[in-house]
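Scroll down for the structure; my scribbles are underneath it.
What follows is calculated from the coordinates using simple rules that are stated; it is not laboratory data. Not measured: the values here are computed from a predicted model. Here the Cβ positions follow ideal geometry from the backbone for every residue, glycine too, while neighbour counts run over all protein chains shown.
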Amino acid sequence: MSGLAIEREVLIEAPIQVVWRTITEPDQMSQWFADRVDLVVEPGAHGYMGFGDQGGPVVVETVDPPTHFSFRWNHPREEDPVAGNSMLVEFTLTPEGDERTRLRVAESGHEQRDWPIAEKQRYADEHQEGWGEFLGRLATMLAKPSR
Amino acid sequence: MTTQADDELWSAIADPSRRRVLDLLISNGEVSASWLAGRVPFSRQAVSKHLVVLDQAGLISRRKKGREVLYRVEVNRLDQATRVMADLAAQWDRRLGTIKRLAEAAHAEATKMRTLEPRR
């Protein structure tokens, strides 16, 4: 069972290559993610992300231009991020025509399953209501006056 | 940023079977493990295991009533979970919003350059 997984997506009016550069180039990353990004975008590369006076190590996992980019970070903790102590951030880019790109991000914790993409998709389909939706629904139920 | 306690919480909720158990507890108040087992497509043994995980994560509590053990949802803990989740999701929405702005600006700039070029 995978752990924490937050999934969000956005539709961007720009070609996939432009979006790819925005999410992978360190000087761009420092505009949307951390204040300081020291990172070589290569699988297995170790880097550092600074947030104000805090920071932590980051390890690049997948670099598959222009569709998949993922890295592990464990927030400002001093250990090396590996499966089990860190969060995995996965970006998936899908072109929607020449000038539009759908960008999905998933942040998950705990053990990472090394499943083929198709397997993962099947799993996600079978568990249509992710725990994010589940919690959203609970929030509504909890907001009602008690029975 | 997650703590050990959060990790337990997230993995407790990550399992669809446990969400089903939580659902039943929320809609039915205080019930026993055998009552739950009669309403889910998995074994009584599996129900007990799920209850242990949910209890450890602080999402439910148990009390003895006669010879029965009754379980109920810990509303505050669930409430806390929904808020943390919403915060993390909002953080990603902000980041994706920035990425969108940066990429669209870069694209608009490149398009402008291209349309200007032939005139030069």
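Taking a Cβ cut-off of under 15 Å around A:Ile16, the surrounding Lys, Arg, Asp and Glu residues balance to a net charge of -3, with basic ones at +1 and acidic ones at -1.
Dipole of chain B computed with +1 at Lys/Arg Cβ and -1 at Asp/Glu Cβ about the Cα centre; of B:Thr115, B:Ile99, B:Val47, farthest Cα towards the positive end is B:Thr115. Residue-wise HN-Hα couplings along the stretch A:63-68, as the Karplus relation 6.51 cos²θ - 1.76 cosθ + 1.60 with θ = phi - 60° gives them from phi, are 10, 9, x, x, 10, 10 Hz; Gly and Pro carry x. Dipole magnitude for chain B: computed about the Cα centre from +1 point charges on Lys and Arg Cβ and -1 point charges on Asp and Glu Cβ, it is near 240 debye.
Taking amide hydrogens as placed 1.01 Å from N in the peptide plane, the amide H of A:Glu61 sits under 5 Å from those of A:Gly44, A:Ser70, A:Phe71, A:Arg72, each at least 5 positions away in sequence or on another chain. For peptide A:18-28, the mean count of partner chain Cβ atoms within 10 Å of a residue's Cβ comes to 4. Shielding value for B:107-113 is 3, the average number of Cβ atoms from other chains within 10 Å of each residue's Cβ.
Cβ crowding within 10 Å ranks B:His107, A:His46, B:His50 as A:His46, B:His107, B:His50, fewest other Cβ atoms first. For the stretch B:13-29, the Karplus equation 6.51 cos²θ - 1.76 cosθ + 1.60, evaluated at θ = phi - 60°, returns couplings of 7, 5, 8, x, 5, 5, 5, 4, 4, 4, 3, 5, 5, 5, 7, 10, x Hz by residue, with Gly and Pro reported as x. Could you tell me whether the stretch B:37-87 comes out rounded, prolate or oblate from its Cα gyration tensor? Rule is a ≥ b ≥ c as square roots of the eigenvalues, rounded for a/c under 1.5, then prolate if a/b exceeds b/c, otherwise oblate. Oblate, since a/c reaches 1.5 and b/c is not below a/b. For chain B, the relative contact order works out to 22 percent when only alpha carbon pairs closer than 8 Å and six or more residues apart are counted.
Annotation: amide H of A:Ser86 within the under-5 Å range of A:His110, sequence separation 5 or more or interchain, hydrogens built in the peptide plane.
Structural descriptor for the stretch B:4-74: relative contact order 36 percent, calculated from alpha carbon pairs under 8 angstrom and at least 6 residues apart. Considering the options B:Val69, B:Thr82, B:Ala37, tell which one lies farthest towards the positive end of the dipole of chain B, charges being +1 on Lys and Arg and -1 on Asp and Glu at the Cβ, about the Cα centre. Value: B:Ala37. Other protein chain C-beta atoms within 10 Å of residue C-beta, averaged over A:95-104: 1.
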